[in-house]
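Every number here is computed from the coordinates shown, using simple stated rules; none is lab data. The structure displayed is predicted, hence computed values, not measured ones. For neighbour counting, all protein chains shown are included, and Cβ atoms are generated from backbone atoms with ideal geometry for every residue, glycine included.
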2 protein chains.
Amino acid sequence: MNDKTPPDLTGIKFDADGLVPAIAQDHKDGTVLMMAYMNKESLGLTLESGRAVYWSRSRKKLWRKGEESGNVQLVKALYQDCDGDTLVIKVEQIGDAACHTGHRSCFYRERDGAGWKVISRPLFDPSAVYKK
Amino acid sequence: MNDKTPPDLTGIKFDADGLVPAIAQDHKDGTVLMMAYMNKESLGLTLESGRAVYWSRSRKKLWRKGEESGNVQLVKALYQDCDGDTLVIKVEQIGDAACHTGHRSCFYRERDGAGWKVISRPLFDPSAVYKK
């Protein structure tokens, strides 16, 4: 089905588990939406398909972001850092919410004094989106 | 010297190595400047001092960001993600450049076709800043 040459990932340093952290950032306003991990295969699929594909460390399988919720991430740009061990992907987040909790960003808890405060409201109801 | 109660870090999930990744983002324009790791001590020092303190995985010691270059990071806000296993810190980057290469951001290489292109110029000369 796919006879293309796999993307050249020279320079990317995958860790001992074969993973590299990828920070997903809104391509328009720069909001950091989430951070997840990619292995060589998921990074290759991300580059080939133009949609973010991660490696789920908990489920130990490819995680085609949005496959359940429909909230896919269209890749607008990809960056590697000075050491090649971290990626930033600028994305268009379909459905606006990147987080499985329904929040736009996974980083919806801000340090407030000695504790944390929730700084946003969910954009969708997770129980309605993720069916068991 | 320090008789304060250590900061309450309940909810933060440090990994098997006792580390949590921390994404440093410019507090004004949202540029992702770098990603580094914090252990419990460095996160505590970050909260207490208002300056980013990381744990250097390569040097295996506390890394008071800017201690050599002077380019400290003043913490403006701190966020944890839905799982508590990743942090975002919004910072004011003194000296503008966060990267040891002299670039403002460590993410100065953008995917371009099958390769990578450098998208910024160094703001300082690393050899002049970091003396051996």
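Here are a few things to note about the model shown:
- Over 21 Å between alpha carbons, listed pairs A:13/B:117; A:13/B:90; B:65/B:117; A:65/B:117: A:13/B:90; B:65/B:117; A:65/B:117
- Sorted from closest to farthest, the other copies place their residue B:94 label points 4.6 nm away, with each point set 7 Å from Cα along Cα→Cβ.
- On Cα atoms only, tilt of B:40-49 relative to the major axis of chain B in degrees: 80
- Computed about the Cα centre, the dipole magnitude for chain B is approximately 480 debye when only Lys and Arg (+1) and Asp and Glu (-1) carry charge, each at its Cβ.
- Computed over the stretch B:1-117, the quotient of the alpha carbon radius of gyration and 2.2 N^0.38 Å is 1.10.
- log10 of Debye I(q)/I(0), alpha-carbon scatterers only, for the protein assembly as shown at 0.07, 0.13, 0.15 Å⁻¹: -0.24, -0.86, -1.15
- Its DSSP H runs of at least 4 residues, each contributing -39,500 (n - 2.57), put the calculated 222 nm mean residue ellipticity of the protein assembly as shown at -2500 deg cm²/dmol, to the nearest 500.
- Label-point separation in nm, residue A:118 to residue B:118, each point 7 Å along Cα→Cβ: 4.7
- With distances taken between every two different alpha-carbon atoms, the stretch A:83-132 has a Kirkwood hydrodynamic radius of 12.9 Å.
- GNM top mover of A:61, A:76, A:90 - chain A, alpha-carbon springs below 10 Å: A:61
- A from B by rotation - nearest chain B beta carbon to the axis, in Å: B:30, 1
- 7 Å along Cα→Cβ, label-point gaps from residue A:123 to other copies, nm, shortest first: 3.0
- Positive-end extreme of charge dipole, the stretch A:1-101 - chosen from A:44, A:66, A:89 (charges on Cβ): A:66
- Neighbour-count ranking [beta-carbon atoms within 10 angstrom, fewest first] of B:26, B:83, A:29: A:29, B:83, B:26
- When residue A:50 is represented by a point 7 angstrom out along its Cα-to-C-beta vector, the spacings to that point in the other copies are 4.7 nm, nearest first.
- Exposure proxy shown here: for A:46, A:31, the number of other Cβ atoms within 10 Å sets the order, fewest to most, as A:31, A:46.
- Across the stretch A:81-88, rounded Karplus estimates of 3J(HN,Hα) from the backbone phi angles (6.51 cos²θ - 1.76 cosθ + 1.60, θ = phi - 60°) give 8, 4, 8, x, 10, 8, 10, 10 Hz, Gly and Pro being marked x.
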